[in-house]
Amino acid sequence: MSIEQKIVQLKFESYSNETELNQLDFNLLAKAKEAVQKAYAPYSNFHVGAAVLLENGTIIQGNNQENAAYPSGLCAERVAMYYAGANYPNQKIKAIAITCHSENETIDKPISPCGSCRQAMAEYETRHQQPIKVIMSGEVGEILISESIQNLLPLMFTKEDLK
Ligand code: THU
């Protein structure tokens, strides 16, 4: 596939708050909000929650797990996705909702996954040949939805590049 063919039209949907979401997305975000409560973030004070929806309807929750040796910690998204991959290897990931809570200020814009988490999402999307919907939310206000990781990681490196 040429570089030109790989470039996609970026496409996001924006909602002014969670009440505008459909029931499925609303419920998944509620699970991510629940997960925020159990985050372990004593160093950044920035609590992140993620909820992964599998094809069979199972929802996996994850949150950031920090460490005194900072790089040893892991983001909420990867905690949830890797649990899903480890325990439900054959279940496609349909969607992931992400939200946060800061001890310092109210986050009023959608949190967007870090580069490493995007790469991990790209791996599952490629592995299962199915787009993963990403629902991004702050504590209040706008919610952003991408229907695929393609929007978040254009020109992604995948197993196709290893051939
Ligand atoms: N973090 C996540 O869990 N997910 C993200 O998408 C961005 C950042 C975590 C990592 C760290 O524990 C804290 O937030 C501050 O960067």
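Over the chain, Cα pairs under 8 Å with separation of 6+ residues give a relative contact order of 25 percent. The angle separating the long axis of helix 76-87 from the principal Cα axis of greatest extent in the chain is about 60 degrees. Cut-off under 20 Å on the C-alpha distance; same-chain residues fewer than 8 positions from K163 excluded. Which aspartates and glutamates are left, in chain and number order? Within the straight-line limit of under 20 Å, K163 reaches these aspartates and glutamates: E4, E123, E125. Charges were assigned to the Cβ only: +1 to each Lys and Arg, -1 to each Asp and Glu. The resulting dipole of segment 10-145 about its Cα centre is roughly 480 debye. Only lysines eight or more places from K38 in sequence, or on another chain, were considered; those with a Cα closer than 25 Å are K94, K109, K133.
Here's the picture: charge each Lys and Arg Cβ at +1 and each Asp and Glu Cβ at -1 in the chain, and of Q37, Y88, L152 the one pushed furthest to the positive end of that dipole is Y88. Plainly put, segment 10-145 has a radius of gyration that is 0.95 times its Kirkwood radius, both from alpha-carbon atoms, as the Rg/Rh ratio. Out of T19, T99, T126, any idea which swings most in a Gaussian network model of the chain, alpha carbons joined below 10 Å? The residue that fluctuates most here is T19.
Over all Cα atoms in segment 79-143, the spread is summed up by Rg and Dmax: 13.3, 40 Å.
Extension gain for N17 to E147 (0.36 nm times residue separation, less C-alpha to C-alpha distance): 45.0 nm. Note on the chain: helix-only mean residue ellipticity at 222 nm, from DSSP H runs of 4+ residues weighted -39500 (n - 2.57) and normalised by residue number, equals -8000 deg cm²/dmol.
Throughout, read-outs are computed from the coordinates displayed, never taken from laboratory work. On a predicted model such as this, the values are computed, not experimentally measured, just so you know. Virtual Cβ from ideal backbone geometry, glycine too; neighbours counted across all protein chains shown.
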